[in-house]
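Before any comments, here is the structure.
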Amino acid sequence: MERIKIFDAEYKFMNIIWEHSPISSTELVKLANQELGWKKSTTYTVIRRLCERGVIKNENSIVYALINHEQVMHAETEEHLGKVYDGSLKLFFTAFLQKEKLSKDEVEELKKIIEQYGDKEE
């Protein structure tokens with residue numbers, strides 16, 4: 001899947017869609033106003049832009065998410081690792097663990113996660 005950039009304001013808007021999808025565009029306008037302080041025109045502009053980029057679908061005034069939250073989190077994580085840590089997960093963990101103290105339980109949990117995903121074929 002091609003990388004689709006979701007900007008900060010769009011991400012907050014997408015959280016509303018993910019939570020309520022499928023949702024009528026009228027209800028989405030109300031929620032965007034309540035939760036984000038957006039005017040109706042702003043909401044419809046963002047709906048149109050996200051539709052054009054293939055992030056959501058607005059069909060018969062019903063809005064559906066075409067990508068899920070996990071896909072966006074994965075893409076954002078990859079972008080961050082690439083930009084800040086030159087794609088190195090090892091550098092990320094080293095930097096993170098220099099600042100964070102982990103409990104024994106957290107260390108064990110991370111070890112299990114690494115073992116679970118460490119043997120994946122490239």
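A few remarks follow.
- Look at the Cα gyration tensor of the stretch 8-67: its axes a ≥ b ≥ c give a/c under 1.5, and that counts as rounded.
- Placing unit charges on the Cβ atoms of the charged side chains and taking the dipole of the stretch 1-46 about its Cα centre, the candidate lying farthest along the positive direction among 16, 37, 4 is 37.
- Dipole size of the stretch 8-67 about its Cα centre, with +1 on Lys/Arg Cβ and -1 on Asp/Glu Cβ: approximately 200 debye, rounded to the nearest 20.
- Heavy-atom SASA rank of 103, 25 (probe 1.4 Å, accessible area, largest first): 103, 25
- Rolling a 1.4 Å probe over the protein chains gives residue 74 an accessible area of about 110 Å².
- Heavy-atom accessible area per residue - the chain, 1.4 Å, Å²: 76 Å²
- Rounded, prolate or oblate (a/c below 1.5 giving rounded, otherwise prolate when a/b exceeds b/c) for the stretch 70-117 by Cα gyration tensor: oblate
- In the stretch 70-117, taking the dipole from charged Cβ atoms about the Cα centre, the farthest positive-side position among 98, 81, 113 is held by 98.
- For mean projected area of the Cα convex hull in nm², the value calculated from this model appears in (i) 10.2; (ii) 8.0; (iii) 11.2 under label (i).
- Distance between the C-alpha centres of the stretch 54-70 and the stretch 1-36: 9 Å, rounded to the whole angstrom.
- Carbon plus sulfur fraction of accessible area for the chain, probe 1.4 Å, in percent: 51 percent
- In terms of distances greater than 22 angstrom between alpha carbons, the cross-link table entries 12/39; 90/112; 5/99; 12/111; 12/90; 5/112 yield 5/99; 12/111; 12/90; 5/112.
The values are calculated or read from the model by the stated rules, or taken from the named source; none is laboratory data. As the structure is a prediction and not an experimental result, all values here were calculated from the model. Don't worry about glycine lacking a Cβ; one is built from the backbone with ideal geometry, like all the others, and counts go over all protein chains shown. The area values use the complete protein model at the heavy-atom level, side chains included, leaving out ligands, DNA and RNA. Shrake-Rupley method; radii C 1.70, N 1.55, O 1.52, S 1.80 Å.
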